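Notes follow the structure.
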Amino acid sequence: MTEQGKETEKGTEKRRRRRFSAEKKFQIFLETASRQTAIGEVLRREGLYSADLQKIREQVREGAIERLSQSTPGRKKKTVNYDEYESVKRELERKEHALAEAAVEIMALKKKGRGDSGNASWGND
């Protein structure tokens with residue numbers, strides 16, 4: 001094996017497939033897009049072909065389009081964790097129960113104040 005991972009068999013060279021992380025691909029993309037370093041130099045250093053760079057550029061483009069299509073204008077929706085949700089839900093149930101009890105007491109006081117058994121209409125005071 002030589003330095004760049006190529007095997008020599010009867011005068012032919014086989015290139016080993018290299019796998020790059022997403023971070024590394026993005027770094028290569030940025031470096032070639034900035035034009036501060038010659039593209040050929042970057043390709044030689046990384047052991048890539050121009051077709052590999054085209055694939056990286058296409059992946060970056062697709063990723064950007066996908067990410068941008070997910071974002072919607074306006075405020076982000078606030079999410080609440082499950083414990084907070086359950087706490088607020090219990091508080092609401094407690095308050096609804098207290099409101100129902102207060103409504104029953106008010107109705108009883110109205111009936112008691114009128115002195116009838118509830119046969120009177122609402123509009124007669």
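Nothing in this text is a laboratory measurement; each read-out follows from the coordinates by a stated rule. Computed from a predicted structure; not experimentally measured. Because the Cβ atoms are built from the backbone with ideal geometry, glycine has one as well, and the counts that use them run over all protein chains shown.
Give the residue list of trypsin sites (Lys or Arg not before Pro) in the stretch 25-125 that are DSSP loop and have at most 10 other beta-carbon atoms within 10 angstrom.
Answer in residue order: 35, 75, 76, 77, 78.
How would you rank 37, 32, 79, going from fewest to most other Cβ atoms within 10 Å of each one's own Cβ?
Exposure proxy ranking, most exposed first: 79, 37, 32.
Quick one: 3J(HN,Hα) in Hz for the stretch 69-85, Karplus 6.51/-1.76/1.60 with θ = phi - 60°, rounded, Gly and Pro as x.
Calculated HN-Hα couplings, in order: 6, 7, 7, 10, x, x, 6, 6, 6, 7, 9, 10, 6, 4, 4, 4, 4 Hz.
Suppose R0 equals 41 Å; then what is the FRET efficiency for residue 90 and residue 114 from their Cβ-Cβ distance, rounded to the nearest 0.05? Before the final figure, lay out each step's value.
Working: r = 37 Å, r/R0 = 0.91.
Efficiency computed from Cβ-Cβ geometry: 0.65.
At a temperature of 37 °C and a viscosity of 0.692 mPa s, determine how fast the stretch 27-107 diffuses translationally according to Stokes-Einstein, using the Kirkwood radius over alpha-carbon pairs as Rh; express D in µm²/s, rounded to the nearest whole number.
179
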